[in-house]
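Written below as structure tokens is the structure these notes are about.
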Amino acid sequence: MNKADSERMAGILEDMGFEWSEDPNNADLILYNTCTIRDNAEQKVYSYLGKQAKRKHTQPDLTLVVAGCVAQQEGETLLRRVPELDLVMGPQHANRLQDLLQRVFDGNQVVATEAVHIMEDITQPRRDSSVTAWVNVIYGCNERCTYCVVPNVRGVEQSRTPESIYAEIAELGRQGYKEVTLLGQNIDAYGRDLPGVTPEGRHLHTLTDLLYYIHDIPGIERIRFATSHPRYFTERLIKACADLPKVCEHFHIPFQSGDNEVLKRMARGYTHEKYRRIIDTIRQYMPDASISADAIVGFPGETEQQFENTLKLVADIGFDQLNTAAYSPRPGTPAALWEEQLSEETKSDRLQRLNHLVAIKAAERSQRYMGRIEEVLVEDQNPKDVTQVMGRTSGNRLTFFAGNINELKGKLVKVKITEVRAFSLTGEAVEVRQLLSVDA
Ligand code: SAH
Ligand code: SF4
């Protein structure tokens with residue numbers, strides 16, 4: 001989500017005539033897009049900022065911007081802490097960057113953190129990749145998970161209309177992009193704030209309907225989406241994914257904890273049994289689907305037994321990938337105020353034990369690829385070996401194989417897998433799929 005916001009803001013800056021600089025010390029304008037999901041992410045921005053704030057004393061026309069979730073959370077406090085700042089702007093204001101900067105150039109110090117209706121974006125993002133692209137479909141989050149700062153900083157759910165999403169993806173297809181990832185904090189909430197219900201009382205616009213609606217856009221060969229919430233994940237969506245060939249068979253569904261008591265105190269709204277049923281249903285429809293998730297260890301009051309229930313869930317399901325984190329108390333969230341906080345030692349011990357199991361399970365899951373032919377969408381050169389290119393399988397496994405990036409970038413290549421590791425694969429090209437080009 002943050003990368004997508006960065007690309008949109010970079011697009012606005014480019015539109016205003018700014019050029020990208022590789023070295024921040026040469027830049028006339030520096031924009032930090034910040035994350036506050038955990039404390040260590042937040043601390044990073046202060047260390048970067050300190051240095052550039054000093055530079056401003058000898059170079060007064062340097063413009064310093066802090067955008068994103070730390071900006072939203074800290075607001076005016078950030079200005080008091082770093083008076084050299086010109087602009088502090090929350091994530092909902094990303095599309096307004098040009099107007100906000102105009103006020104800065106007119107001589108003002110600006111804080112933009114009020115809740116706003118997010119404007120439909122008309123600027124072209126400056127995308128890092130020319131093959132894969134992020135597409136926001138819903139901003140914000142209406143859940144209240146007791147550990148999470150996202151609803152405080154990203155505000156309430158705001159879905160984009162299906163028409164504007166379609167138009168953005170159609171343009172990406174014309175520009176030669178091959179893959180889109182639809183983004184939302186809780187993407188299953190897509191459409192519930194848009195008008196219209198069906199005769200059965202279902203929302204007219206859902207993620208499932210959106211997938212059908214955008215599926216045949218010319219040029220786009222792969223569709224992904226994230227993040228799914230177990231509370232709202234439907235069998236209708238699973239069927240659609242099985243049914244629609246361009247939708248990748250990869251599901252990112254965070255479970256956070258394998259223990260029902262902890263899940264309840266996190267206010268997640270499901271049990272581990274329900275989570276397991278979702279995965280079973282996915283595997284009934286798509287036996288080979290990749291499953292990834294997020295999990296938190298050391299939530300306040302988590303006992304050893306409750307942590308072991310998380311280990312058990314991970315052992316039973318066998319994730320292809322799992323993002324793990326030690327619980328970090330966040331300002332303005334209920335759980336941060338609870339008394340039963342665990343020690344850093346306990347948290348880091350549990351994190352290590354979980355990560356160890358994740359690597360073993362992921363390596364087991366990788367085994368199924370050995371000797372198989374997988375289609376890989378080539379994104380880039382392998383930075384560690386220029387004779388190789390890299391891309392992802394439909395199941396999202398990073399894959400390397402010998403080839404020339406100038407010939408293969410953006411191509412779908414059938415690759416015979418010859419080597420497997422926990423989180424990546426190596427193989428040999430067998431055949432390049434011929435794609436029709438889209439008339440621009
Ligand atoms: N909307 C998504 C993810 C939001 S944040 C969801 O509901 O799953 C991404 C991940 O960061 C979360 O899945 C969670 O695992 C982690 N996270 C969020 N708040 C955290 C906290 N206070 N401490 C540690 N990890 C946290
Ligand atoms: Fe945070 Fe929960 Fe919303 Fe995800 S669903 S962003 S974890 S509050």
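The values are calculated or read from the model by the stated rules, or taken from the named source; none is laboratory data. These figures come from a predicted structure and were not determined experimentally. We place every Cβ from the backbone using ideal geometry, glycine too, and count neighbours over all the protein chains shown. For accessibility, only protein heavy atoms count, side chains too; no ligands or nucleic acids. Shrake-Rupley method; radii C 1.70, N 1.55, O 1.52, S 1.80 Å.
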key: Proximal lysines to LYS361, defined as alpha-carbon separation beneath 29 angstrom and excluding residues fewer than eight positions away on the same chain   = LYS3, LYS239, LYS246, LYS264, LYS274, LYS312, LYS347, LYS384, LYS414, LYS416
request  = Report P(r) for the range 141-201: all Cα-Cα distances, bin width 5 Å, range 0 to the bin holding the largest distance, values in whole percent.
outcome  = 3, 15, 19, 18, 17, 13, 11, 4, 0
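Provide the convex hull volume over Cα atoms per residue for the chain, in Å³. Walk me through the intermediate numbers first.
Numbers: hull volume 70.5 nm³, N = 440.
Spread over its residues, the Cα hull of the chain gives 160 Å³ apiece.
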Within a Gaussian network of the chain (alpha carbon springs, distance under 10 Å), most fluctuating of ARG368, ARG202, ARG268 = ARG202
key: Cα-projected label distance for GLN305 with TYR48, points at 7 Å along beta-carbon direction, nm   = 4.5 nm
inquiry  = For a quick check: with amide H placed at 1.01 Å from N, whose amide H comes under 5 Å from ALA112's, ignoring anything fewer than 5 positions away on the same chain?
reply    = VAL88, MET89, GLY90
ask   = So how strong a dipole does the range 370-433 carry about its Cα centre when Lys and Arg Cβ are +1 and Asp and Glu Cβ are -1, to the nearest 20 debye?
value = 160 debye
ask   = So for the chain: antiparallel DSSP bridges make up what percent, rounded to the nearest 5?
value = 40 percent
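Please work out the Kirkwood hydrodynamic radius for the range 132-368, using every pair of different C-alpha atoms, and report it in angstroms with one decimal place.
Working: mean 1/r = 0.0528 Å⁻¹.
Across the range 132-368, the inverse of the average 1/r is 18.9 Å.
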key: Signed unit charges on C-beta, dipole axis of the range 132-368, positive-most listed residue ALA336, CYS248, TYR232   = CYS248
inquiry  = What does the charge count around ASN355 come to, taking other residues whose C-beta lies under 14 Å from its C-beta (Lys +1, Arg +1, Asp -1, Glu -1)?
reply    = +2
Cut-off 19 Å (backbone N to label point 7 Å along Cα→Cβ of HIS117), residues of the range 182-203 = 191-196
key: LEU29 long-range amide H proximity, modeled H, under 5 Å   = THR63
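Give a quick list of GluC sites (Glu not before Pro) in the range 134-224 that DSSP marks as loop, anything other than H, G, I, E or B, with at most 11 other Cβ atoms within 10 Å. Each step should come with its number before you reach the end.
Working: sites: GLU143, GLU157, GLU163, GLU168, GLU171, GLU179, GLU200, GLU221; in loops: GLU143, GLU157, GLU200, GLU221.
Qualifying residues, ordered by number: GLU200.
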remark   = Taking a ≥ b ≥ c as the square roots of the Cα gyration tensor eigenvalues, with a/c under 1.5 meaning rounded and otherwise prolate when a/b beats b/c or oblate if not, the range 1-82 comes out oblate
request  = May I ask you to derive the relative contact order of the chain, considering only C-alpha pairs under 8 Å and at least 6 residues apart, and to give it as an integer percent?
outcome  = 11 percent
inquiry  = Out of the total accessible area of the chain (probe 1.4 Å, heavy atoms of protein only), what percent is carbon and sulfur?
reply    = 50 percent
ask   = Which Cys residues of the chain have no other Cys beta carbon under 4.7 Å away?
value = CYS35, CYS69, CYS141, CYS241, CYS248
ask   = Counting only residues 5 or more places away or on other chains, whose amide H sits under 5 Å from the amide H of ASN323 once H atoms are built in the peptide plane?
value = ALA293, ASP294, ALA295
Cα-centred dipole magnitude for the chain, charges only on beta-carbon of K, R (+1) and D, E (-1), debye, nearest 20 = 780 debye
remark   = In deg cm²/dmol, rounded to the nearest 500, the helical mean residue ellipticity at 222 nm of the chain, built from -39500 (n - 2.57) for every DSSP H run of length 4 or more, is -10500 deg cm²/dmol
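Using per-residue counts of other Cβ atoms within 10 Å, averaged over each peptide, order 305-314, 98-107 from highest down.
Values: 305-314: 18.5, 98-107: 13.5.
The densest-packed peptide leads the list: 305-314, 98-107.
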